[in-house]
Amino acid sequence: MRVLIPRAGSWGDHVSSLVEEAGFASLVLPLITIAPATDQDALRDRIDELGAGRFDWLVVTSQSTVRYLPRVPAAVSVAAVGNVTAAALRERGIPVAFVPRRQSAAGLVDEWPIPTGRVLWPRSEDAKPTIKDGLDAKGMEVVDVVAYRTVSVLDSDEHELDALGVLVDDDQALTAFEPRETPVDAVLVTSGSVAKQVLRLGLAAGTTVVAIGEQTAEDCRRAGLHVSAVARTPTPEGLVEALVGAVPARA
């Protein structure tokens, strides 16, 4: 059984190791990559405000956001959407004050700990408005700014990928367009952006689709993918556990 892991880097390597420890073959094939926000001036202005202590809270809903953060003033409390994002922040030396028990944007809003204050939410270009709308409704003043955007590897040529620091060898790139050459039995989906690219691969009917969380599962279904399993925890270990649990259903 071959499992497609559509994210590269240290995360993809870790998941690949877990997949192989579970007894499956893994194929790491990045389908999206992260690029800087188009409007760098807007991002720079908000980051300067953060550095000047003009926000009470910083809300981080993705590991990808972390790379764009400067030093966070001690007076600013930091909220992370989940444990993986919290770990990435702590690796940067940024203390985390709040992580919701239900690790999702909706969970963060539902469990938000205070009724007033000013919040900076650096987000992806295609992020849903759950954080802004939800915290605004709770009485917070939320300022959002695009920190990064996702770029489809399938739509990028070799020079564009090189400029973005994406390494995809020729065999893997061909596999992305010709899945029949390297059949895939299962795919691990970590975001709605990834779900849209997985659909474009034209994988065989019956391919096991495992989503990292309920929101991603919903995004998969909206994109036209049948979800076989959803991870109980949004972590590499949770994904592989869900994959293992979904395999008997294929028999």
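The values are calculated or read from the model by the stated rules, or taken from the named source; none is laboratory data. Just so it is clear, the model here is predicted, and its values are computed rather than measured. Note that we place each Cβ from the backbone using ideal geometry, even for glycine, and neighbour counts take in every protein chain shown.
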Does Glu91 fit the bill of being touching a Lys or Arg at 6+ places or on another chain (Cβ under 8 Å) and either of a type in the set (Lys, Arg) or at pLDDT 90 or above (or both)? no
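Yes/no per residue for (1) under 15 Å from Leu31 (Cβ atoms); (2) buried (at least 22 other Cβ atoms within 10 Å of the Cβ); (3) in contact (Cβ under 8 Å) with a residue 60 or more places away in the chain:
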position	(1), (2), (3)
Ala211	yes, yes, no
Glu218	no, no, no
Arg221	no, no, no
Gly224	no, no, no
Thr233	no, no, yes
Pro236	no, yes, yes
Leu239	no, yes, yes
Candidates Val81, Val66, Val72, filtered to the one that is in contact with a Lys or Arg (Cβ under 7 Å, 6 or more places away or on another chain) and either acidic (Asp, Glu) or outside the structural domain of Gly12 (by TED's automatic domain parsing) (or both): Val66
Among the residues of segment 108-125, which ones are outside any strand (DSSP E or B) and in contact with an Asp or Glu (Cβ under 6 Å, 6 or more places away or on another chain)? Gly117
Arg221 fails exactly one of (1) under 20 Å from Thr85 (Cα atoms); (2) in a helix (DSSP H, G or I); (3) at pLDDT 90 or above, namely (1)
Hey, which of the helices (runs of 4 or more DSSP H) in segment 1-99, taking only ones fully inside, have at least 3 residues that are more than 21 Å from the chain's Cα centre (by Cα)? 40-51
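Could you say which residue among Gly139, Gly134 is at pLDDT 85 or above, assigned to a loop (DSSP other than H, G, I, E, B) and not assigned by TED's automatic domain parsing to the domain that holds Leu199?
Gly139
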Can you name the residue in segment 50-85 that is of a type in the set (Gly, Ala, Ser) and touching a helix residue (DSSP H, G or I) at 6+ places or on another chain (Cβ under 8 Å) and is also modelled with the lowest pLDDT among such residues? Ser62
